[in-house]
Amino acid sequence: MELNAYFVAIVAAVALIIEAFICLPRKKSTKETILGMVLILYLSAVVSITLFPLPLYAYPEQPVYNYPINVIPFCSLLEGIASPESNALTAGSLALVYLGNIALFIPLGILIPILSKSRSWTYLTALILGVASSLTIELLQLAIGIHAGYLYRCVDIDDVILNTAGTMIGFLLLKCSQRVVSQRQ
C-alpha cells in the first residue's frame, strides 16, 4: 500500500484556501498573497516529487528496491558521468536527473528571500537554506525507507549538492534581477 501524491494535492488545496483567508483579512498586498500561494504550490510539488508515493508498509510480493546510500560527495555524479553504460540510466536521463535536481530548487532561492521579512539575506543564508532543505528531504527519504523496511528512494549526498546549487542559482538570479531593477530606478 502506498500513500500517493493526491494526498499532497489535497493538502495543498486546503493550504491555498487557508492562505487566501488569512492573507485577505490581514491586508497583505496582492503580490505577497500571490507569492505565498506560489510558495505553497511549489513546496507541495517538491514534497510530491521527492517523497511520494510513500510506502506505508511493504507487501511480501512487492520488490525490494536496492537503492544505495551515498555519503561520498560527487561519487554517484562522477560514476554516472564516467560510465553511463554501467548505470541503469542512459546518459540523457542522467543529465535530466542532474539538471532536474538543480532546477527543482531554483525557486526556493528566489521565493523564500522575497517573502522573508528580513532584508539581510546573504549568499551564506541562501547556502544554509539550500543545504538544510535538501538534507531534510534526504533524511526523510531515509527514515521512511527504514520504516518501510526497504529504501524506496536513493539517499544521496550528491542530491544535496545539486539541490543546494539550484538554491544558489535562484538566489543569484534574484540578486541580479534586484540589481537591474534598482539601476533602472
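For V180, state whether it is aliphatic (A, V, I, L, M) and over 20 Å from the mean Cα position of the chain (by Cα).
Details: aliphatic (A, V, I, L, M): yes; over 20 Å from the mean Cα position of the chain (by Cα): yes.
So V180 fits the description; yes.
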Would you tally the residues in segment 131-176 being of a type in the set (G, A, S) and in contact with a helix residue (DSSP H, G or I) (Cβ under 9 Å, 6 or more places away or on another chain)? 5
In segment 1-57, what residues are modelled with pLDDT under 70 and part of a loop (DSSP other than H, G, I, E, B)? M1, N4, A5, L24, P25, R26, K27, L56, Y57
Considering I169, I161, which residue is at pLDDT 95 or above, crowded, with 17+ Cβ neighbours inside 10 Å and farther than 25 Å from G36 by Cα? I161
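From the set of residues in segment 109-121 that are part of a helix (DSSP H, G or I) and either farther than 12 Å from L173 by Cβ or at pLDDT below 80 (or both), which is farthest from the chain's Cα centre (by Cα)? Can you show your working first?
Taking segment 109-121 first, the residues part of a helix (DSSP H, G or I) are 109-115.
Adding the requirement that they be either farther than 12 Å from L173 by Cβ or at pLDDT below 80 (or both) leaves 112, 115.
Details: I112: 13, L115: 17 Å.
Of everything passing the filter in segment 109-121, L115 is farthest from the chain's Cα centre (by Cα).
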Here is a list: L129, L142. Which entry is over 10 Å from the mean Cα position of the chain (by Cα), under 18 Å from L54 (Cβ atoms) and either outside any helix (DSSP H, G or I) or touching a residue at least 12 places away in the same chain (Cβ under 8 Å) (or both)? L142
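The values are calculated or read from the model by the stated rules, or taken from the named source; none is laboratory data. Every value quoted in this text rests on a predicted model; they were computed, and no experiment measured them. Neighbour counts are summed over all protein chains in view; Cβ atoms, including those assigned to glycine, are modelled from backbone coordinates with ideal geometry.
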